[in-house]
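The values are calculated or read from the model by the stated rules, or taken from the named source; none is laboratory data. Just so it is clear, the structure is predicted and the values come from calculations on it, not from any experiment. For neighbour counting, all protein chains shown are included, and Cβ atoms are generated from backbone atoms with ideal geometry for every residue, glycine included. Areas reflect the complete protein model, heavy atoms only, side chains present, ligands, DNA and RNA absent. Shrake-Rupley method; radii C 1.70, N 1.55, O 1.52, S 1.80 Å.
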Amino acid sequence: VQLQASGGGLVQAGGSLRLSCAASGRTFSSYHMGWFRQAPGKEREFVAAISWSGSTTYYADSLKGRFAISRDNAKNTMYLQMNSLKPEDTAVYYCAADRNWVGVLSPDNCDYWGQGTQVTVSS
């Protein structure tokens, strides 16, 4: 599966952005999906994950309540709604896919990656 992340940009603190991850191929609905981010000088970190059906979601503890992950299998697209953004949310955001749930919970295990989209939050 090929992934294309989009929707990043420059936003003021307190603002919102919605990222999208478009997938190619007919097997999108068979993959668990995840979002990760990498800030300058830092390691890539887990943000959120969603099961193939969308029935299960999981978030990094620090992001619960501000970020929401969702997917539309009919459109082969996953989303990340980001609210109440903070300067520390500034990073390149990547989408990823894996057939195993454990795979999308860690940046070390995902089989497929998108190219990343830059999110910059100004103070």
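When SER70, SER55 are screened for being open to solvent by 10 Å² or more (accessible area, probe 1.4 Å) and more than 12 Å from the chain's Cα centre (by Cα), only SER55 passes.
Residue by residue through the stretch 1-11, note down the ones that are open to solvent by 50 Å² or more (accessible area, probe 1.4 Å) and either in contact with a Pro (Cβ under 6 Å, 6 or more places away or on another chain) or farther than 18 Å from ALA96 by Cβ (or both). Matches in the stretch 1-11: LEU10 only. The number of residues in the stretch 87-123 that are open to solvent by 60 Å² or more (accessible area, probe 1.4 Å) and charged (D, E, K, R) comes to 4. Here the strands (runs of 3 or more DSSP E) wholly within the stretch 1-107 that include at least 2 residues being in contact with a His (Cβ under 9 Å, 6 or more places away or on another chain) are 45-50, 91-98. Of the residues that make up the stretch 79-86, is at least one at pLDDT 95 or above, under 21 Å from GLY7 (Cβ atoms), open to solvent by 10 Å² or more (accessible area, probe 1.4 Å) and over 15 Å from the mean Cα position of the chain (by Cα)? Yes.
Of the residues examined, ARG44 is not one that is farther than 13 Å from GLN4 by Cα and touching a Gly at 6+ places or on another chain (Cβ under 6 Å). Are any of the residues in the stretch 39-52 touching an Asp or Glu at 6+ places or on another chain (Cβ under 7 Å) and either touching a residue at least 40 places away in the same chain (Cβ under 8 Å) or at positive phi (or both)? Within the stretch 39-52, not a single residue is touching an Asp or Glu at 6+ places or on another chain (Cβ under 7 Å) and either touching a residue at least 40 places away in the same chain (Cβ under 8 Å) or at positive phi (or both).
Residues in the stretch 12-45 that are more than 26 Å from ASN76 (Cβ to Cβ) and either open to solvent by less than 20 Å² (accessible area, probe 1.4 Å) or of a type outside the set (Asp, Glu) (or both): 8 in all. Counting only residues that are free of Cβ contacts under 8 Å to residues at least 60 places away in the same chain and on the phi > 0 side of the Ramachandran plot, the stretch 1-38 holds 1 of them.
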